[in-house]
1. Checking the structure you have, find out if any residue of region 114-131 is near the ligand (Cβ under 10 Å from one of its atoms) and either closer than 23 Å to Asp207 by Cα or of a type in the set (A, V, I, L, M, F, W, C) (or both).
2. Do the conditions hold for Asp348, that is, is it under 15 Å from Cys396 (Cα atoms) and open to solvent by 20 Å² or more (accessible area, probe 1.4 Å)?
3. In this structure, does Asp157 turn out to be more than 16 Å from the ligand (Cβ to nearest atom) and acidic (Asp, Glu)?
4. I'd like the residue in region 167-188 that is crowded, with 24+ Cβ neighbours inside 10 Å and either of a type in the set (Gly, Ala, Ser) or in a loop (DSSP other than H, G, I, E, B) (or both) and, out of all such residues, is farthest from the ligand (Cβ to nearest atom).
5. Go through the residues of region 127-140 one by one and say whether even a single one is acidic (Asp, Glu), in the same structural domain as Phe184 (by TED's automatic domain parsing), farther than 25 Å from Ser361 by Cβ and open to solvent by 10 Å² or more (accessible area, probe 1.4 Å).
6. Among the residues of region 58-82, which ones are out of contact with any Ser or Thr (no Cβ under 7 Å at 6 or more places or on another chain) and not in a helix (DSSP H, G or I)?
7. Any residue at all in region 62-77 that's within 15 Å of the ligand (Cβ to nearest atom) and of a type in the set (Val, Ile, Thr)?
8. Pairs, please: C-beta under 9 Å, at least 6 apart or cross-chain, first residue more than 16 Å from the ligand (Cβ to nearest atom) and in region 195-216, second polar (S, T, N, Q)?
Amino acid sequence: MKVPLLDLKSQYLSMKDELDAALIGVAESTAYIMGPAVKKMEEEMAQFLGSKYAVGVSSGTDALLLALMAIGVGKDDEVIMPTYSFFATAGVVARLNAVPVLVDSDPVTFNIDPTQIEAKITSKTKAIIPVHLYGQSADMEPIMAIAKKHNLRVIEDGAQAISVQYKDGRQVGNIGDIGCFSFFPSKNLGCFGDGGLVVTNDDELIDMIRIMRVHGGKPKYYHKVIGGNFRLDSIQAAVLSVKLPHLNDWSAKRRENAAYYTKLLIEAGLAEETGRIKFDDKNKVLIPKAVYEGPGLVNYHIYNQYVLRVERRNALRAFLTEKGIGNEVYYPVPFHRQECFAHLNLKDEDYPVANCAATDSFAIPIYPELTKEMMEYVVASIAEFIKTSDNLPMECGHCDCMNK
Ligand SMILES: *Cc1c(COP(=O)(O)O)cnc(C)c1O
């Protein structure tokens, strides 16, 4: 059986007529960039996300870059963020000649550990970028309290978490000053290329965001500030307007799939329900944990990725790949280990949780169209590996970061 990591074709086919009509509609309109389709999508997104303003932009990366430019981050400013995320989070800060200040992660959620933020604040600190990794909110309450106390801006990287609720029911992106989303095809809501969104409830920031999106000219050709070309194509907006009404159903399917994996892994004696195992137990996998579920909350975890942790991960991955099962590591190299940040002289031992995650975590297919048979095959294959892998060497050693 083949189980790809992602299957965009079946989603396309399930709404082919509507999508094709939307594409042709834009072709015929000739309003190819920032046309009425973009305005319509922005209004729908603002309504859906509960944000006062939503602005379509060229990618999730550009959403972050634009957000940083709008709050005035520049040379030598410091921006606090997790060391464990997709590269864009740090890349945009460095591109503005500002400094990414890296914080280790929480071992259960993989999100920034809020208890380690305050010690990193200096007179140069300008902002904090929490990332809502894998489709679950970072712990925003302590982060917002720290930001308020030190007068810092908060930019949420919600690229993997569109429509996710935090424990108080608020949707991510609306908790900090600016929220950033990505419509890259592999995200929970993807367009037919690159696209992104910036949301805010701030009447002053929205003006700067809109001006910066089109080179910083206001009126056109008159520049008090320097922005960029962060515009969104109308074709992407039209695709998003077709897909958005399905997002909640897809999220529900992803949650169902996650629950089914968890059930199967527990029945196979491979996982413990608590989400915490002895880390040197080579015969167990650690399953993801939704930490903010509660009454009234629905999208507390939308599983952009379903990430397992296991001893001998690389050997298991090779085994699954051999069996036709897609899998991937998000992310093998935390920022503090990236060559381009060597000049920051960061100490590897300051990031034990991220280092562990880079060594033992990996994602298995979780997309909405996955069938039960496919998931049963995935778990049976993991079980087969673990049953037959006793003599393989350990990969992470007896690390105990999960047992603190
Ligand atoms: C995907 C992603 C981005 C970048 O989005 P693009 O649309 O690919 O530019 C930024 N941050 C995180 C956490 C992401 O997962």
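1. Kept after step one, since they are near the ligand (Cβ under 10 Å from one of its atoms), are these residues of region 114-131: 129, 131.
Now drop any that are not either closer than 23 Å to Asp207 by Cα or of a type in the set (A, V, I, L, M, F, W, C) (or both), which leaves 129, 131.
Among the residues of region 114-131, at least one is near the ligand (Cβ under 10 Å from one of its atoms) and either closer than 23 Å to Asp207 by Cα or of a type in the set (A, V, I, L, M, F, W, C) (or both), which makes the answer yes.
2. no
3. Details: more than 16 Å from the ligand (Cβ to nearest atom): no; acidic (Asp, Glu): yes.
Answer is no for this residue.
4. Just the residues of region 167-188 that are crowded, with 24+ Cβ neighbours inside 10 Å, to begin with: 172-173, 176, 178-183, 188.
Next cut, either of a type in the set (Gly, Ala, Ser) or in a loop (DSSP other than H, G, I, E, B) (or both) only: 172-173, 176, 179, 182-183, 188.
On the way: Val172: 12, Gly173: 13, Gly176: 14, Gly179: 12, Ser182: 3, Phe183: 7, Asn188: 11 Å.
It comes out as Gly176.
5. no
6. Selection gives Ser58, Ile71, Gly72, Val73, Gly74, Lys75, Asp76, Asp77, Val79.
7. No, region 62-77 contains no residue that is within 15 Å of the ligand (Cβ to nearest atom) and of a type in the set (Val, Ile, Thr).
8. Matching pairs, first to second residue: Thr200/Ser51; Thr200/Asn174; Asn201/Ser51; Asn201/Asn174; Ile206/Thr200; Ile209/Thr200; Val214/Asn229; His215/Asn229.
The values are calculated or read from the model by the stated rules, or taken from the named source; none is laboratory data. Computed from a predicted structure; not experimentally measured. Heads up, the Cβs are rebuilt from the backbone with ideal geometry, glycines too, and the neighbour counts pull from every protein chain shown. For accessibility, only protein heavy atoms count, side chains too; no ligands or nucleic acids. Shrake-Rupley method; radii C 1.70, N 1.55, O 1.52, S 1.80 Å.
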